[in-house]
Ligand code: GTP
Ligand code: MG
């Protein structure tokens with residue numbers, strides 16, 4: 001299996017009418033077809049189930065989806081790429097940076113640096129590979145209105161990139177409620193492959209869900225919707241070998257004395273989704289502490305980084 005993008009219009013033996021319906025419903029690539037449920041495709045395209053079954057079989061054949069050897073699994077894993085955070089220490093605890101093909105969740109209390117990291121990664125993904133980037137573009141989905149182009153400019157200068165070019169390569173959209181947020185992500189299945197997007201940010205992934213499904217009585221429904229959304233994001237990350245970064249504000253609880261007080265409320269959203277969870281804590285001044293949670297494949301330990309005018313950096317020795 002390769003990362004090569006195959007469009008549905010390139011599938012053999014598919015009529016132009018069917019292709020038109022698929023594209024109109026957002027299934028412009030073969031991967032978008034593969035990762036969707038058949039019922040979902042039927043609902044959105046109005047095509048009969050037999051046609052859809054044939055299409056999916058066709059798509060699987062084209063992508064060569066079949067058993068693979070462990071060696072091939074290893075090679076696929078080797079296709080995972082990494083984006084530098086700007087801090088070597090933070091990169092180290094992440095195993096080299098923020099990975100593609102997965103979701104990375106940054107969670108922590110207000111002011112812990114979640115939004116700053118999202119800005120920094122949107123800049124750094126544009127760096128060439130030898131400088132820790134992917135020469136790719138970023139999609140920035142903002143649910144709280146805290147995106148600042150001024151920060152992008154400053155951070156771009158901080159890595160010696162042309163600020164105007166950097167800003168042109170960040171596709172920004174404000175999501176106004178959870179349905180809107182979900183539909184933006186669905187659109188990405190056709191937007192991403194046309195625009196060389198290598199990073200998708202959602203800051204924050206949880207705020208609309210929390211506001212719309214408040215309290216314990218809505219907890220199950222909220223978590224179910226959020227899980228479906230996260231699975232969609234996971235498919236996006238895998239299908240296009242890109243990094244998905246989400247944030248989640250977790251309130252500190254002064255009344256919790258045992259363990260870490262910030263973990264108690266809400267918890268991290270990725271509890272039931274594969275991915276990397278990073279807890280952020282405030283420290284003195286502009287210092288922040290990052291810790292990877294439940295990731296046996298990553299090195300243990302904490303990283304200290306600082307938020308400077310130019311962005312995320314290692315603390316001065
Ligand atoms: P919430 O969204 O409220 O949950 O917080 P957050 O975790 O997203 O925090 P954010 O990333 O916004 O971090 C805010 C911190 O970053 C501030 O307390 C500042 O210390 C730092 N910061 C933000 N903007 C600047 C800037 O322009 N210059 C410098 N030097 N630091 C900044
Ligand atoms: Mg924020």
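Would you confirm, using the coordinates I've provided, whether residue 222 is under 23 Å from residue 145 (Cα atoms), touching a helix residue (DSSP H, G or I) at 6+ places or on another chain (Cβ under 8 Å), outside the structural domain of residue 40 (by TED's automatic domain parsing) and in contact (Cβ under 8 Å) with a residue 12 or more places away in the chain? So residue 222 passes the test. Among the residues of region 101-149, just one is without any contact (Cβ under 8 Å) to a residue 60 or more places away in the chain, touching a strand residue (DSSP E or B) at 6+ places or on another chain (Cβ under 9 Å) and near ligand 1 (Cβ under 10 Å from one of its atoms), namely 146. Contact map, region 192-206: first residue not assigned by TED's automatic domain parsing to the domain that holds residue 248, second residue in a loop (DSSP other than H, G, I, E, B) and within 16 Å of ligand 1 (Cβ to nearest atom), Cβ cut-off under 7 Å, separation 6 or more or different chains; the map is empty.
Filtering region 194-229 to residues that are surrounded by fewer than 19 Cβ atoms within 10 Å (Cβ to Cβ) and closer than 17 Å to residue 122 by Cα leaves 195, 196. In summary, residue 266 fulfils each of the numbered conditions (1) in a helix (DSSP H, G or I); (2) surrounded by 14 or more Cβ atoms within 10 Å (Cβ to Cβ); (3) within 16 Å of ligand 2 (Cβ to nearest atom); (4) at pLDDT below 95 with the single exception of condition (1). Residues in region 275-301 that are touching a strand residue (DSSP E or B) at 6+ places or on another chain (Cβ under 7 Å) and either assigned to a loop (DSSP other than H, G, I, E, B) or loosely packed, with under 13 Cβ neighbours inside 10 Å (or both): 275, 283, 286, 294, 295, 298.
When the test is whether a residue is over 24 Å from the mean Cα position of the chain (by Cα) and surrounded by 12 or more Cβ atoms within 10 Å (Cβ to Cβ), residue 91 does not pass it.
Quick check, is residue 157 away from ligand 1 (no atom under 11 Å from the Cβ) and assigned by TED's automatic domain parsing to the domain that holds residue 212? Yes. Considering region 92-144, the residues that are closer than 22 Å to residue 239 by Cα and assigned to a helix (DSSP H, G or I) include one that is nearest to ligand 2 (Cβ to nearest atom), namely 118.
The values are calculated or read from the model by the stated rules, or taken from the named source; none is laboratory data. From a predicted model like this one, the values you see are computed outputs, not experimental measurements. Don't worry about glycine lacking a Cβ; one is built from the backbone with ideal geometry, like all the others, and counts go over all protein chains shown.
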